[in-house]
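Peer 1: Would you mind keeping the following structure in view while I ask a few things?
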Amino acid sequence: MTELKKLPDFQQVTIHGRIAYIEKAVHEGKEFLAVTLMHTINENTDVRVKFNNSNGLLTAFINGNLVVGQELTIGGTIKGIRSFYMKDDVLTPLKNPEFQVRVISYAYGAKPKAMATVAEEALAV
């Protein structure tokens with residue numbers, strides 16, 4: 001008897017947001033970058049997009065070219081969605097649902113301006 005295997009539907013997503021969290025990590029001797037991106041779906045709904053990267057984004061982070069608050073556009077496929085977590089044996093909703101994404105492509109965006117630069121621009125106007 002043949003067992004049927006459930007395969008995912010074809011999908012390709014592009015998500016633009018700002019980096020909320022970024023950390024270099026090591027697992028089983030391999031270095032990678034853990035990234036959380038903030039993305040607003042509409043005026044009432046924000047999500048966090050989580051992914052790991054061990055190539056270009058890791059290099060950019062090590063060189064100081066990737067920072068929290070920077071815009072980032074990613075393309076890839078959704079691996080999972082999480083809306084709840086366990087806290088003291090109680091199912092608790094997350095403040096913002098999470099997408100776990102397998103990133104295939106990315107494009108860097110604007111870095112956040114330093115507060116001194118923003119203040120200087122405000123005074124110049």
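The values are calculated or read from the model by the stated rules, or taken from the named source; none is laboratory data. The structure presented is a predicted model; accordingly, all values stated were derived computationally and were not measured. Here the Cβ positions follow ideal geometry from the backbone for every residue, glycine too, while neighbour counts run over all protein chains shown.
Peer 1: Kindly indicate whether LEU66 is under 12 Å from the mean Cα position of the chain (by Cα), modelled with pLDDT under 95, outside any strand (DSSP E or B) and over 15 Å from GLN100 (Cα atoms).
Peer 2: no
Peer 1: Looking at (1) surrounded by 13 or more Cβ atoms within 10 Å (Cβ to Cβ); (2) out of contact with any helix residue (DSSP H, G or I) (no Cβ under 7 Å at 6 or more places or on another chain); (3) in a loop (DSSP other than H, G, I, E, B), find the lone condition where PHE51 falls short.
Peer 2: (3)
Peer 1: Test VAL26 against the criterion of being modelled with pLDDT of 95 or more and either assigned to a strand (DSSP E or B) or touching a His at 6+ places or on another chain (Cβ under 8 Å) (or both), and give yes or no. Outline the logic, then answer.
Peer 2: Values: modelled with pLDDT of 95 or more: no; either assigned to a strand (DSSP E or B) or touching a His at 6+ places or on another chain (Cβ under 8 Å) (or both): yes.
No: the conditions fail for VAL26.
Peer 1: Is it the case that PHE99 is among the aromatic types (Phe, Trp, Tyr) and assigned to a strand (DSSP E or B)?
Peer 2: So PHE99 passes the test.
Peer 1: I'd like to verify a number: residues in the range 70-87 that are loosely packed, with under 13 Cβ neighbours inside 10 Å and not charged (D, E, K, R), how many?
Peer 2: Within the range 70-87, residues that are loosely packed, with under 13 Cβ neighbours inside 10 Å and not charged (D, E, K, R) number 6.
Peer 1: Being modelled with pLDDT under 90, of a type in the set (S, T, N, Q) and assigned to a helix (DSSP H, G or I) is the filter here; which residues of the range 54-63 pass it?
Peer 2: none
Peer 1: Assess whether THR59 counts as being within 14 Å of the chain's Cα centre (by Cα), hydroxyl-bearing (Ser, Thr, Tyr) and surrounded by 10 or more Cβ atoms within 10 Å (Cβ to Cβ).
Peer 2: Numbers: within 14 Å of the chain's Cα centre (by Cα): no; hydroxyl-bearing (Ser, Thr, Tyr): yes; surrounded by 10 or more Cβ atoms within 10 Å (Cβ to Cβ): yes.
The answer is no for THR59.
Peer 1: Out of LEU66, LEU33, LEU58, report the one residue that is within 13 Å of TYR106 (Cα to Cα) and without any contact (Cβ under 8 Å) to a residue 40 or more places away in the chain.
Peer 2: LEU58
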